[in-house]
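Undergrad: Please find one structure pasted underneath; my questions will follow.
The values are calculated or read from the model by the stated rules, or taken from the named source; none is laboratory data. Owing to the predicted nature of the structure, the values given are computational and were not obtained by experimental measurement. Positions of Cβ are backbone-derived with ideal geometry, glycine not excepted, and every protein chain shown enters the neighbour counts. Note: areas computed on protein heavy atoms with side chains; ligands, DNA, RNA excluded. Shrake-Rupley method; radii C 1.70, N 1.55, O 1.52, S 1.80 Å.
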Amino acid sequence: MAPLLPLIFFLMISSNSAQGPPSPGYNPSSKISTVGFDQGFRNLWGPKHQNLDQGALTIWLDSSSGSGFKSLHPYRSGYFGAAVKLQPGYTAGVITSFYLSNNEEHPGNHDEIDIEFLGTTPGKPYTLQTNVYIRGSGDGNIIGREKKFHLWFDPTQDFHNYAIVWNPTEIIFLVDDVPIRRYQRKSDATFPLRPMWAYGSIWDASTWATEDGKYKADYNYQPFIGRYNNFKLGGCTADGPTTTSCQPPSASPSGTTGLSQQQNSAMEWVQRNYLVYDYCQDPKRDHTQTPEC
């Protein structure tokens, strides 16, 4: 029996490392109704690289074009989510995204809240990049607030739910209802306050996406496909009558800002095990530009 002991020990270690995060104890997505793509979004670019079939949206990138979509309305706050399934294999240089932005309204001086999946090479995991821009992109001095994560599952095997909760006091990034990052409003200068639209896209970012541009998009592997469903939009629109009755969403079971103790424990587990880059800890960054650190 002795030879079996190392195998059993290995399986125990593998099992423990494969476990997901502790339960956050609350599912913010359960409070938000799913909307059909046409109810909440429209094609923005690359219409011939976009297909809608029974509520599931497929967008793809090839050597001729990528594709993107945009919400029908701008929002002042909200819960914005979608289930996404990523392409396996060689996807270096390719970004599949779901994000908030007002770049069309404020070119060169826009706000943005990003969930971006950075393509990869076989045998290496996808990187999920979260980012926040405030009035500072396009002027040659882009100040990103990136935190990058690996995931505790293979995002190419199935759909998983990714969401942004944005309200006047904080931004919460969620994966399958597990909070992975909380960005607080510490000053007006470091927090996006102007209305934004929800977007999704797939595009070629070979100059930086994969290992700082070391690996580029290789169109021998085209098309590169992103699949989306279970769209959720819930919040305060900015293009209708202004009303005090619209309450900004909360990620917390209490309905207030912040997270519960159980949610914080789940977030700390993710950051302890899967956070791979934090702009606040980067010694090459000028932290006078990011006082929230």
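Undergrad: Positive end of the dipole of segment 218-293, charges at C-beta (+1 Lys, Arg; -1 Asp, Glu), about the Cα centre: which of Leu275, Phe231, Ser250 has its Cα farthest in that direction?
TA: After comparing all options, I get Phe231.
Undergrad: I've got another one for you. Got the relative contact order for the chain handy, in percent, Cα pairs under 8 Å and 6 or more residues apart? Before the final figure, lay out the partial values.
TA: Numbers: 660 pairs, mean separation 82.3, N = 293.
Relative contact order here is 28 percent.
Undergrad: So how far, in whole Å, is the C-alpha centre of segment 98-159 from the one of segment 176-252?
TA: About 7 Å separates the Cα centre of segment 98-159 from the one of segment 176-252.
Undergrad: Holding the Cα-Cα limit at 18 Å, pick out from Lys70/Lys216; Lys124/Lys148; Lys85/Lys232; Lys70/Lys148 the pairs that are longer than that.
TA: Result: Lys70/Lys216; Lys70/Lys148 exceed 18 Å.
Undergrad: Sort Leu61, Leu233, Leu52 from largest to smallest accessible area, using a 1.4 Å probe on the heavy atoms of the protein chains.
TA: Numbers: Leu61 5, Leu233 25, Leu52 70 Å².
Sorted by accessible area, descending: Leu52, Leu233, Leu61.
Undergrad: Per 5 Å bin, what is the whole-percent P(r) computed from every C-alpha pair distance within the chain?
TA: Histogramming the chain at 5 Å steps yields 1, 5, 11, 16, 18, 18, 14, 9, 4, 2, 1, 1, 0, 0, 0 percent.
Undergrad: Only Lys, Arg, Asp and Glu count, each charged at its Cβ (+1, +1, -1, -1), so figure out the dipole size of the chain about its Cα centre, rounded to 20 debye.
TA: That gives the chain a dipole magnitude of about 300 debye.
Undergrad: In segment 179-268, what percent of the accessible surface is made up of carbon and sulfur (1.4 Å probe, ligands and nucleic acids excluded)?
TA: Values: 2130 of 4540 Å².
Ligands and nucleic acids excluded, carbon and sulfur reach 47 percent.
Undergrad: As an exercise, use a Förster radius of 35 Å and the Cβ-Cβ distance of Glu211 and Ser260 to find the FRET efficiency, rounded to the nearest 0.05.
TA: E between Glu211 and Ser260, to the nearest 0.05, is 0.45.
Undergrad: So, one more: Measuring from a point 7 Å past the Cα of Ser23 along Cα-to-C-beta, which residues in segment 176-209 have an amide N at less than 17 Å?
TA: Of the residues in segment 176-209, 176-179 have backbone N under 17 Å from the label point off Ser23.
Undergrad: Please check: in the Gaussian network model of the chain (C-alpha springs, under 10 Å), which one of Ile142, Ile202, Ile180 has the largest mean-square fluctuation.
TA: Result: Ile142 has the largest fluctuation of those listed.
Undergrad: Once the Cβ-Cβ distance between Asn109 and Glu268 is put in as r, and R0 is 45 Å, what FRET efficiency do you end up with, to the nearest 0.05?
TA: That pair, Asn109 with Glu268, gives E of 0.80.
Undergrad: Here's something else I'd like to know. Among Val84, Pro74, Tyr99, which residue has its Cα furthest toward the positive end of the charge dipole of segment 46-125, with +1 on Lys/Arg Cβ and -1 on Asp/Glu Cβ?
TA: Val84
Undergrad: Can you list the residues of segment 29-48 with backbone N under 20 Å from a point 7 Å past the Cα of Gln54, pointing along Cα to Cβ?
TA: The answer is 34-39.
Undergrad: Hey, if you put +1 on the Cβ of every Lys and Arg and -1 on every Asp and Glu Cβ in the chain, which of His150, Phe191, Ala266 ends up farthest toward the positive end of that dipole?
TA: Comparing the listed Cα positions along the dipole, Ala266 ranks first.
Undergrad: Residues of the chain: accessible area per residue at 1.4 Å, in Å²?
TA: Spelled out: the 1.4 Å probe surface of the chain, per residue, equals 48 Å².
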